[in-house]
Amino acid sequence: MKAVLRWLGLLVIAFVALQLFFVLRIAAMAAINPESTTFQRSEAWTLLASKGHVPWRQQWVPYADISDHLKRAVIASEDDGFVNHDGVDWNAIEKAWERNAKAEAQASKAQARAPERPVRAPKIRGGSTITQQLAKNLLLSGERTLLRKGQEFVLTLALEQLLSKQRILEIYLNNVEWGEGVFGAEAAAQYYFRKSASRLSTAEAARLAVMLPAPKRFEKTPGSAYLAGRTRTILGRMGGAELP
C-alpha cells in the first residue's frame with residue numbers, strides 16, 4: 001500500500017511539475033518569440049526522413065507588419081468569436097458535435113441501405129479556437145486522446161490568462177503551417193504571392209486563410225473550386241471580423 005501511495009505521489013509531483021513547466025514557457029512568450037513549436041519540430045523530422053533534407057520557410061514579423069486583411073480573414077475563417085471568448089468557444093463545439101453526429105448517422109444509414117458498398121468515413125469537424133490550435137501546436141503532440149485534449153484545455157486557459165489576445169494572434173500567425181515546410185504569414189505571403197505579409201490584399205488574405213485547415217492539400221490544388229468558393233465566402237465575412 002505504501003508503495004502504491006508513493007508512486008501516486010510521484011505521479012502527482014510529475015504532473016504538477018509539467019504544468020509549471022508549461023506555464024513558465026507560456027509566460028516567457030509574453031516577451032520572447034518562440035523559436036519553434038512541437039508541431040514544427042515533428043514536421044521537420046518527417047521532412048528529413050522522407051526527403052533527406054528539410055525545406056523550410058519561416059520569418060518572424062511583428063504584429064504590426066502583418067496585414068490587417070490577413071488577421072481579419074483568419075479570424076473570420078477559423079474563429080469569428082476570437083476577441084470575445086475566454087479561449088474556448090462552447091457554441092462552436094456544440095455545433096461541431098451536432099454536425100459530426102449527423103454525418104455519422106447519415107453514413108450509418110447509407111451503410112444499412114447498401115452494405116456491400118464501401119462508405120466513406122464521415123468527415124469529423126472540430127470546434128477549436130485559435131487559442132486552442134496554438135496551445136496544441138506549440139506544446140503538444142498530434143495524437144488524439146482524451147488526456148491530450150484535457151491538457152490542451154489547461155494550456156488554452158493559461159495562454160488566455162498570461163498573454164494578450166494580440167500576442168496570441170501574433171504567435172499563431174507567425175507559426176501556423178501554410179504548406180510543406182512553409183510556416184508563418186511572411187513565408188506564406190512570399191511563397192504564394194511574392195510579397196510581404198504587410199502588403200497582402202483582401203483576396204490574397206482570404207485565400208491564405210481558407211488554406212489553413214489543409215494547407216498541404218490546397219498547396220497542391222491551387223485551382224480547386226472549393227478553395228475559390230470558400231475564399232469568396234470569407235471575403236464576405238471579413239468586414240465583420242473584430243481585431244484585438
Could you grab the pairs with beta carbons closer than 7 Å, sequence gap of 6+ or different chains, first residue in the stretch 216-239 and more than 23 Å from Asp68 (Cα to Cα), second one modelled with pLDDT of 95 or more and open to solvent by 70 Å² or more (accessible area, probe 1.4 Å)? none
Can you name every residue in the stretch 7-40 that is assigned to a helix (DSSP H, G or I), farther than 18 Å from Gln132 by Cα and of a type outside the set (A, V, I, L, M, F, W, C)? Gly9
Given (1) open to solvent by 20 Å² or more (accessible area, probe 1.4 Å); (2) over 17 Å from Asp79 (Cβ atoms); (3) among the aliphatic types (A, V, I, L, M), number of the condition Leu243 does not satisfy: (2)
Take the stretch 185-201 and flag every residue that is buried (at least 18 other Cβ atoms within 10 Å of the Cβ) and either without any contact (Cβ under 8 Å) to a residue 40 or more places away in the chain or of a type outside the set (D, E, K, R) (or both). Ala185, Ala187, Ala188, Ala189, Tyr192, Ala197, Leu200
Which of the residues that make up the stretch 63-93 are open to solvent by 40 Å² or more (accessible area, probe 1.4 Å), at pLDDT 95 or above and more than 19 Å from Ser164 (Cα to Cα)? His69
Among the residues of the stretch 49-62, are any under 30 Å from Ala228 (Cα atoms) and open to solvent by less than 40 Å² (accessible area, probe 1.4 Å)? yes
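Looking at the stretch 26-55 only, could you name the residues that are more than 19 Å from the chain's Cα centre (by Cα) and touching a residue at least 40 places away in the same chain (Cβ under 8 Å)? Write out each step before concluding.
In the first step, residues of the stretch 26-55 are kept if they are more than 19 Å from the chain's Cα centre (by Cα); the result is 27-28, 30-32, 45, 47-55.
Result: Ala27, Ala30, Leu47, Val54, Pro55.
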Of everything in the stretch 123-146 that's aliphatic (A, V, I, L, M) and either modelled with pLDDT under 80 or part of a loop (DSSP other than H, G, I, E, B) (or both), which residue is surrounded by the fewest Cβ atoms within 10 Å (Cβ to Cβ)? Leu146
Answer with yes or no whether Val182 is surrounded by 19 or more Cβ atoms within 10 Å (Cβ to Cβ), farther than 23 Å from Asn84 by Cβ and touching a residue at least 40 places away in the same chain (Cβ under 8 Å). yes
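Out of everything in the stretch 147-190 that is β-branched (Val, Ile, Thr) and not in a helix (DSSP H, G or I), what residue ends up being nearest to the chain's Cα centre (by Cα)? Lay out the reasoning, then the answer.
Initial filter on the stretch 147-190 (β-branched (Val, Ile, Thr)): 154, 156, 168, 171, 176, 182.
Of the ones still in play, those that are also not in a helix (DSSP H, G or I) are 176, 182.
On the way: Val176: 7, Val182: 14 Å.
Within the stretch 147-190, the match that is nearest to the chain's Cα centre (by Cα) is Val176.
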Residues being closer than 24 Å to Gln58 by Cα and acidic (Asp, Glu) - total across the stretch 197-244: 2
Go through the stretch 204-220 and count every residue that is open to solvent by 50 Å² or more (accessible area, probe 1.4 Å) and closer than 14 Å to Thr231 by Cα. 2
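The values are calculated or read from the model by the stated rules, or taken from the named source; none is laboratory data. Treat the numbers as computed from the prediction; the structure is a model and nothing was measured. Heads up, the Cβs are rebuilt from the backbone with ideal geometry, glycines too, and the neighbour counts pull from every protein chain shown. In case anyone asks, the SASA skips ligands and DNA or RNA and just uses the protein heavy atoms, side chains included. Shrake-Rupley method; radii C 1.70, N 1.55, O 1.52, S 1.80 Å.
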